[in-house]
Amino acid sequence: MRPLGETSLGIGLRPELADALCNGPVAAPLDFLELAPENWMAMGGRKRDQLDRIADRYPLVAHGLSLSIGDTEPLDIDFVSDLRRFLDDYAIDVFSDHLCLARDATGYLYDLLPSPRRAANIDYLAARIGQVQAIIGRRLILENISYYHRYDDQMAEGEFIAEVAHRSGCGLLLDINNAYVNGRNHGEDPLAFMRNLPSDAFAYYHIAGHLVCDDGLILDTHGTPVADEVVRLGQAVWAQHGPRPLLLERDNFVPTLDALVDEATTVHRAIKMGSCHDATA
C-alpha cells in the first residue's frame, strides 16, 4: 500500500460506487478508499474482481464493523485470522474498528453499543487489543462511536480512550461527527473531549453528516452532507492535533461518485483553511 500523507483525502468504498471506481476515470482528488472487510472477505466472482481492479487504482484502508472489542465474549480468533489474510492479500496496512461492544451471548446485535467507561475495564480492553494486534500483525486502530445510552459512574470519554490507547498501544481514529453528536445529545463539550486525546495516537479522521430530529436528538446517519458545525469542529481538531488523512463517510442516500468527491474536496479544503485559526475561537 502506498503510504498516506497527513493531508490525504478519502471516501468509503460503497457498492453504489464500485462500477464508477472500476470503470470511470481515476478520481484525482482521492488518495485512498476505506472498505468494510466483512463486506468483501468471503466474496468471489464479480465482486472480488471489482475489488482487485479498485485496489490497482486506489490505496485501501480497512474499517471493521464486528470486532466487538468491548464485549465479554471470547474473541473470534477464526475471524481475526481470516482478517489478517485479507489485509495481507491487499497489502492493507491500516485496520480500524470501533471501541464498543456489538455482541452478547446470543450473537451479533447489529448495532454498536458503548463499552462502560470504568477504570476496571481498561486492562481487560488492553489485553484483548493486544491479542488482536498479535494476530493481525498491525496496530489496531479504534474509533470513538456515537452513543445514545450512558452508564452511571463513568470516566470522561476522552480520559478513558486516552488511557486505553496508552496501556494497549493501539491507535485512534477520531470521528469528528461522532464527537459533535455526542456533545449535543449529552450536553457535553466536544472540544474538551478531543483535547484529552493523545495527538500521537491518531491514524486518521472521519467526518460525516447527521440528522436532527424534531425533538432535538441528533442521529449519526451518514446520510446527509456534513453540517457547518461539524466542519468547524474539524477545523478545531486540526488546529489542536494537526493534520491527518481525512475520510468522508456516506452510507445512506449515496450520491454519484463525482458529487461525493466534490463534497469531500470542499469539506477538506474548508478544514485545512480554517485550522489556521485558534481552536478555542
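The values are calculated or read from the model by the stated rules, or taken from the named source; none is laboratory data. Bear in mind the structure is a predicted one, so any value in this text is a computation, not a measurement. Don't worry about glycine lacking a Cβ; one is built from the backbone with ideal geometry, like all the others, and counts go over all protein chains shown.
Every condition in (1) at pLDDT 95 or above; (2) within 30 Å of residue 274 (Cα to Cα); (3) in contact with a Phe, Trp or Tyr (Cβ under 7 Å, 6 or more places away or on another chain) holds for residue 37 except the one numbered (2). When we screen 174, 197 for residues that are touching a residue at least 12 places away in the same chain (Cβ under 8 Å), closer than 23 Å to residue 119 by Cα, surrounded by 16 or more Cβ atoms within 10 Å (Cβ to Cβ) and touching a Lys or Arg at 6+ places or on another chain (Cβ under 9 Å), the only hit is 174.
When you go through 87, 67 one by one, which is the residue that is part of a loop (DSSP other than H, G, I, E, B), hydrophobic (A, V, I, L, M, F, W, C) and surrounded by 21 or more Cβ atoms within 10 Å (Cβ to Cβ)? Steps first, answer last, please.
Values: 87 fails: part of a loop (DSSP other than H, G, I, E, B).
Criteria check complete, one pass: 67.
A single entry from 55, 28, 62, 18 fulfils the requirement of being at pLDDT below 95 and either farther than 21 Å from residue 246 by Cα or outside any loop (DSSP other than H, G, I, E, B) (or both): 18. Among the conditions (1) surrounded by fewer than 16 Cβ atoms within 10 Å (Cβ to Cβ); (2) assigned to a helix (DSSP H, G or I); (3) modelled with pLDDT under 95, residue 215 misses just one, which is (2).
Given 163, 188, 159, 229, which one is in a loop (DSSP other than H, G, I, E, B) and either of a type in the set (D, E, K, R) or touching a Leu at 6+ places or on another chain (Cβ under 8 Å) (or both)? Give the derivation first.
Numbers: 163 fails: in a loop (DSSP other than H, G, I, E, B); 159 fails: in a loop (DSSP other than H, G, I, E, B); 229 fails: in a loop (DSSP other than H, G, I, E, B).
Matching residue, one of 163, 188, 159, 229: 188.
Applying the criterion of being among the hydrophobic types (A, V, I, L, M, F, W, C) and buried (at least 22 other Cβ atoms within 10 Å of the Cβ) to the residues of the stretch 177-193, the residue that is farthest from residue 100 (Cα to Cα) is 181.
Exactly one residue out of 179, 203 is part of a strand (DSSP E or B), at pLDDT 95 or above and of a type in the set (Gly, Ala, Ser), and it is 203. Determine, yes or no, whether residue 151 is outside any strand (DSSP E or B), surrounded by fewer than 17 Cβ atoms within 10 Å (Cβ to Cβ) and either in contact with a helix residue (DSSP H, G or I) (Cβ under 6 Å, 6 or more places away or on another chain) or modelled with pLDDT under 95 (or both). Taking the combined requirement at face value, the residue satisfies it.
Is at least one residue of the stretch 251-267 assigned to a loop (DSSP other than H, G, I, E, B), touching a His at 6+ places or on another chain (Cβ under 7 Å), among the acidic types (Asp, Glu) and crowded, with 22+ Cβ neighbours inside 10 Å? No - not one qualifying residue is present in the stretch 251-267.
Do we find that residue 82 is more than 19 Å from the chain's Cα centre (by Cα), farther than 30 Å from residue 149 by Cβ and surrounded by 14 or more Cβ atoms within 10 Å (Cβ to Cβ) in this structure? Before you say what the answer is, go through the steps one by one.
Working: more than 19 Å from the chain's Cα centre (by Cα): yes; farther than 30 Å from residue 149 by Cβ: yes; surrounded by 14 or more Cβ atoms within 10 Å (Cβ to Cβ): yes.
Considered against the rule, which asks whether it is more than 19 Å from the chain's Cα centre (by Cα), farther than 30 Å from residue 149 by Cβ and surrounded by 14 or more Cβ atoms within 10 Å (Cβ to Cβ), residue 82 comes out as yes.
Checking the structure you have, find out if any residue of the stretch 38-52 is in contact with a Leu (Cβ under 8 Å, 6 or more places away or on another chain), farther than 22 Å from residue 265 by Cα, surrounded by 12 or more Cβ atoms within 10 Å (Cβ to Cβ) and aromatic (Phe, Trp, Tyr). Yes, the conditions are met somewhere in the stretch 38-52. Can you confirm whether the stretch 235-247 contains a residue that is loosely packed, with under 14 Cβ neighbours inside 10 Å and either under 18 Å from residue 31 (Cβ atoms) or modelled with pLDDT of 95 or more (or both)? Yes. Across the stretch 248-281, the qualifying residues are those that are at pLDDT below 95 and of a type in the set (Val, Ile, Thr), and the one among them that is nearest to residue 194 (Cα to Cα) is 280.
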